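The values are calculated or read from the model by the stated rules, or taken from the named source; none is laboratory data. Everything quoted here is computed from the prediction, not taken from an experiment. As a convention, Cβ positions derive from the backbone with ideal geometry for all residues, glycine included, and neighbour counts pool all protein chains shown. We work out accessible area using only protein heavy atoms, side chains counted, and drop any ligands, DNA or RNA first. Shrake-Rupley method; radii C 1.70, N 1.55, O 1.52, S 1.80 Å.
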Amino acid sequence: MNKKGIAVLVVLIVLAVIAYMAFNGSDSVTPNTENNGTETPTETPSGVTKEDYAPVTKESTDTSLLGRLKSASVSASESGARVALENGTAKFSEGNVKGTLTLGDVAVEKEVGGAKYVVTSLAVNSGGSGTYKYIVLFEDSGSALTDKSYALVGDRVTITGIRVDVISDNKGAAQAVVSVNYLDRDQGEPMSTAPSVPRTKIFIAEDGNFNPAKEITI
């Protein structure tokens with residue numbers, strides 16, 4: 001990632017914290033101290049490089065974590081029908097709807113309020129031209145990964161990075177700010193065009209569930 005991209009990322013993290021404060025209606029949100037004892041910064045601390053706060057990409061993802069996810073059980077549709085992934089993929093059939101699920105190539109693990117969570121992406125194709133990319137929050141018990149919550153990123157987008165930061169709300173409870181970097185298309189651009197416009201979506205996970213009312217796109 002070039003210096004300009006890293007600088008933009010740090011700004012996005014700042015915006016995520018500000019957005020959370022605005023959504024939560026409180027000015028008492030404080031960063032949680034994790035990852036080598038450093039705080040999630042509103043500006044880069046002395047002696048810490050911006051690279052330390054870069055998102056996880058497919059090049060930096062823990063392959064053993066991805067290996068565990070490749071056999072996880074996931075929800076195939078909004079009805080709650082479930083399938084088990086086999087080497088990261090699965091097929092599902094529900095009435096007249098048939099489709100394919102494909103695990104993404106980026107995964108992040110983070111402890112939030114005493115619970116360990118894993119965030120990754122999942123592509124869902126229901127047989128049509130669209131392929132919807134979701135971000136999925138799993139709870140990691142050590143022996144199993146349990147999917148807790150799903151949030152839509154976009155149709156036929158390319159997810160390039162995921163980052164999870166922990167902050168405390170005005171009641172002192174730890175919550176997760178999930179930043180997803182992805183490539184999309186300009187408004188009005190044909191869906192057949194390869195995505196090339198960098199964007200970021202920020203999701204707030206409260207008690208292990210994404211809150212759709214606290215989602216922003218930058």
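How much length is gained if the chain between residue 84 and residue 146 is pulled fully straight, taking 0.36 nm per residue apart and subtracting their Cα-Cα distance, in nm to one decimal? Mind dumping the intermediate values first?
Numbers: separation 62, 0.36 × 62 = 22.32 nm, distance 1.15 nm.
In short, 21.2 nm is gained.
Order 185, 68 by their accessible area, 1.4 angstrom probe, all chains in place, largest first. Kindly include the intermediate steps, with their values, before the conclusion.
Values: 185 20, 68 85 Å².
The ranking, largest first, comes out as 68, 185.
Residue 82's amide H: which non-local residues (gap 5+, or another chain) put their own amide H closer than 5 Å, with H modeled 1.01 Å from N in plane and none for Pro or chain starts?
76
Can you list, bin by bin at 10 Å, the percent of alpha carbon pairs in the range 117-195, starting at 0?
Spelled out bin by bin, the range 117-195 gives 16, 39, 29, 13, 3 percent.
So who's got an amide H within less than 5 Å of the one on residue 111, skipping anything under 5 residues away but keeping other chains? H placed 1.01 Å off N, in plane.
117
Going 7 Å from the Cα of residue 171 along its beta-carbon direction, which residues of the range 180-218 have the amide nitrogen within less than 13 Å of the resulting point?
Label zone hits: 206-208.
Starting from the Cα of residue 57, move 7 Å in the Cα-to-Cβ direction to define the label point; list residues of the range 155-174 whose amide nitrogen is under 20 Å from there.
157-165
Once you sort the root eigenvalues of the Cα gyration tensor of the range 79-141 as a ≥ b ≥ c, which label holds: rounded (a/c under 1.5), prolate (a/b larger than b/c) or oblate (the other case)? Could you put the intermediate results ahead of the total?
Values: a/c = 2.57, a/b = 2.06, b/c = 1.25.
Prolate.
To the nearest 0.05, how large is the calculated FRET efficiency for residue 213 and residue 115 if R₀ is 22 Å and r is the Cβ-Cβ distance? Don't skip to the end; give the middle numbers.
On the way: r = 22 Å, r/R0 = 1.00.
It comes to 0.50.
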